[in-house]
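Data block below; observations after.
The values are calculated or read from the model by the stated rules, or taken from the named source; none is laboratory data. Computed from a predicted model, the values in this text were never measured in an experiment. Heads up, the Cβs are rebuilt from the backbone with ideal geometry, glycines too, and the neighbour counts pull from every protein chain shown.
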Amino acid sequence: MRGSAALASGLAAGAAGGRIVRADSAAGQPPNVPDWSRYLGSGVDAAPYGAPSPYESEVVRRNVPWLTATPESSVNFTPLQDLHGFVTPNGLCFERHHGGVAEVDPADHRLVIHGLVEKPLVFTVDDIRRFPPVSRFYFLECAANGGMEWHGAQLNSCQYTHGMVHCVQWTGVPLKTLLAEAGLKPKAKWLLAEGADAAGMTRSVPLDKALDDCLVAYSQNGERLRPEQGYPLRLLVPGWEGNMWIKWLRRIEVGDMPWHTREETSKYTDVMADGKARQFTWAMDAKSVITDPCPEKPMRRQGYHPITGLAWSGRGAIKRVDVSVDGGKNWHTARLDTPVLSKCLTRFYLDWNWSGEEVLLESRAMDETGYVQPSIVELRKVRGENSIYHNNSIQTWLVNASGEVENVQIS
Amino acid sequence: MFKSHRAVVFAGALAVAVVASAAAMGGERYGLGQTASPELIAGWDIDVRPDGQGLPTGQGTAAGGETIFVEQCASCHGEFGEAVGRYPVLIGGGDSLASPDPVKTVGSYWPYASTLWDYIHRAMPFGDAQSLSVDETYAITAYVLYLNDLVAEDFVLDRNSLPKVVMPNRDGFIAEDPRPDTPAAEPCVSDCKTEAKVMFKAKRLDVTPERESD
C-alpha cells in the first residue's frame, strides 16, 4: 500500500519535475504505450528458424478425418482463406501421402535413370544439385481437389473445398537435362517415375511432357524441399495432377508404353455416368475460388469489401476472372494482381460494397487457351457425379443477411 | 602451396569452358552421375507391366495364398477381401460402375492383373512394404483373383500365366483425354439467367470438421 502510494506520488512528482506524463488511453482503444513498446524483446537467435506470430496459430493445414482410413494414407488442406498474394508458405502446403512421410537421409538417397537409355546412370543428391539450376513458380493441385462436392455441396469451408492446391517457387534441374545425360534410345516414349516412400509411389509420364517442362526439384521457396513435399528430390509435372509429382524421387525408367500402375488405374481415373472411366486425364483445367469472403471469412460489416480469390490453369496463364454477386446472372471482370504466370496461382480482386442483403458470390476463370471454367451443373451433365477427380467447377458462396457465408450449389 | 592452389582454380576454369563448348555443340552432357551397373538396376527395378515385363521367376496359387492373406492382409481388407472400416474393398462391385454408387474393386474395376502383383510387391502389407517374397506375392495375387472368381483355387500364377489373366473391366477405360468437354464459347456477362436457386447447402449435411476454437 505504502509502496504503491509512494509510486503514485513519485509519478506525480516526476511529472511536476518535467518527466513524461502518459495520457490515459482513449476509450475502447489499446494502451497508448503497450508493454512491447517499453520492454526489450527477444534478442536475435531466440528462434533460429523462426515461426509465425502466436496470434496466427489458426493458420494451419487441417484434415477431414472421416475421409480416409489412416493418417499415413491421407490428405490435409492448405488454408487458402488466410493467404495473400499467390505464394504458399512452405509449412502450409497441403500434404497428400500414400505411405506416410519418408524421412530420407540425402546421403543414402540416389536417383537412378535406366531403361531405354544409352547409358544408365545413378546420381547422388549432390550430383543433381550441380546441374544448371532453374527456378519456376508452379501450382500443384491434387486431382481430387473438390472431389467431395460432386454430389452436392458437402464441406462448409474454403480450406476443405479447395485447399488441395498450393503454389511455390521451385528450384531444380530440367528433367530433359538429366535424360540427355543418360541419352534416350529411339523407342523411348514413356517414363516411369518412382518414389522412395513406403507406398513406392509410381506414375507413368509421357515422354513429350518430360521433355517439355518437367523438373527434378530440390528446393521450394528458396529452401530445401520439406520432407512432406518430397525431400530431397521431387518430380515436377507442371499443370498436371499432383499425384504425378512423385515425391522422394528415386528412379526413372524409360520405356515404350505406360505401366498402368495402381495410381493410374484403380485410382486417379474418372468414372463417367455410363461406367466407363477416363484414364489419362492429366491436366488440371482452369479453376478459381473466392477466398474472402468464404465460410471461414464471414462478412463483419456492410460497405466496402474487396472480394479476393485465386485462379489457376494447368494449360497456361489465366486470362480473365469474372466475379458475380448474384449467382451468375451478371458478371464483373476482376483485377488480376501481377505477376500472372503460366501454370501458377493468380490473385484476383473485385471492389465491392455489401448492402447487407443476401448474395450469391461466384468467380469464373478463363485461361489463355480460351477455356472457360464450367458450372457444376455443366460438369455433371457431361461426366455424371462419380468421377471424384477433376472437379474444377465454379464455387458458389451464399452470404446471408447476418454476414455468415455458406458453401452452396445453385441451379 | 599458394601457387598450386591457383593452378587448381585455373584447371577448374578450363573445365567450365569445356562443358560450355560441349553444350554449344549439342552434347549437353555434364559428366555428372555414375554408370548404373546391371546389378544395381536389378536391385532397384521392381516394376511390372501388363505384358509381363518385370515379372520375376516364381509362382503361387490361391490355395497357398489364403493363409498368407489371412495373416498379412485380412486385418485391413477382411478375410475375403470385403474390407474393414474405410480400407479398400477388394471384391464384388460387378455391374456397379454405372450405378449411383460405383464399387471399384480388383474384380469390378482393375484393368490388369499385373498392377495387382506390382502393387502388392511394392507397397503391401501397409506399413511393412517390400517384405513379401516373390512366391508369396504370386500366391496372394492368385488368392485375390480367386476371391473375385477370376482364377481357380489351384491355378498356378507365374510370369507366363499372369499376363494372360483377363480382368473383367479390361476394356472399361478410355485412354484418350476427351477434355475440354464443356462449352468453350465467349462467356455471357449480363442477364445470363433469370433464376439462381440454391439446390444444395453444405450445412444441411453437417459433415465439416469443427475447429477447436469453434
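Looking only at region A:377-399, residues that are more than 9 Å from chain B (Cβ to nearest Cβ) and not in a loop (DSSP other than H, G, I, E, B) come to 3 in all. For region A:22-36, indicate whether the set of residues that are surrounded by 10 or more Cβ atoms within 10 Å (Cβ to Cβ), at pLDDT below 80 and outside the structural domain of residue A:88 (by TED's automatic domain parsing) is non-empty. Yes - at least one qualifying residue is present in region A:22-36. Taking the numbered list (1) out of contact with any helix residue (DSSP H, G or I) (no Cβ under 8 Å at 6 or more places or on another chain); (2) in a loop (DSSP other than H, G, I, E, B) in turn, residue B:122 passes all entries but (2).
The set of residues in region B:106-152 being more than 8 Å from every other protein chain (Cβ to nearest Cβ), among the hydroxyl-bearing types (Ser, Thr, Tyr) and in contact with a Leu (Cβ under 7 Å, 6 or more places away or on another chain) consists of B:108, B:138, B:141. All of B:208, B:182 fail the test of being over 18 Å from residue A:377 (Cα atoms) and of a type in the set (S, T, N, Q), apart from B:208.
Filtering region A:148-163 to residues that are assigned to a loop (DSSP other than H, G, I, E, B), crowded, with 24+ Cβ neighbours inside 10 Å and more than 9 Å from chain B (Cβ to nearest Cβ) leaves only A:163.
Scanning region B:162-208 for residues being outside any loop (DSSP other than H, G, I, E, B), more than 8 Å from chain A (Cβ to nearest Cβ) and modelled with pLDDT of 95 or more gives a total of 3. Just so you know, in region A:166-202 the residues that are surrounded by 23 or more Cβ atoms within 10 Å (Cβ to Cβ) and away from chain B (no Cβ under 11 Å) include one that is nearest to residue A:237 (Cα to Cα), and it is A:175. Condition check for residue B:63 on (1) in a helix (DSSP H, G or I); (2) crowded, with 20+ Cβ neighbours inside 10 Å: one failure, at (2). Would you confirm, using the coordinates I've provided, whether residue A:402 is buried (at least 18 other Cβ atoms within 10 Å of the Cβ) and either in a loop (DSSP other than H, G, I, E, B) or more than 7 Å from chain B (Cβ to nearest Cβ) (or both)? Taking the combined requirement at face value, the residue does not satisfy it.
Can you find, within region B:95-147, the residue that is surrounded by the most Cβ atoms within 10 Å (Cβ to Cβ) among those that are within 12 Å of the chain's Cα centre (by Cα) and of a type in the set (S, T, N, Q)? Result: B:114. Please verify whether region B:153-175 includes one or more residues that are of a type in the set (Phe, Trp, Tyr) and within 21 Å of residue A:260 (Cα to Cα). The answer is yes, given that some residue of region B:153-175 is of a type in the set (Phe, Trp, Tyr) and within 21 Å of residue A:260 (Cα to Cα). Looking only at region A:360-393, residues that are over 23 Å from residue A:291 (Cα atoms) and of a type in the set (A, V, I, L, M, F, W, C) come to 1 in all.
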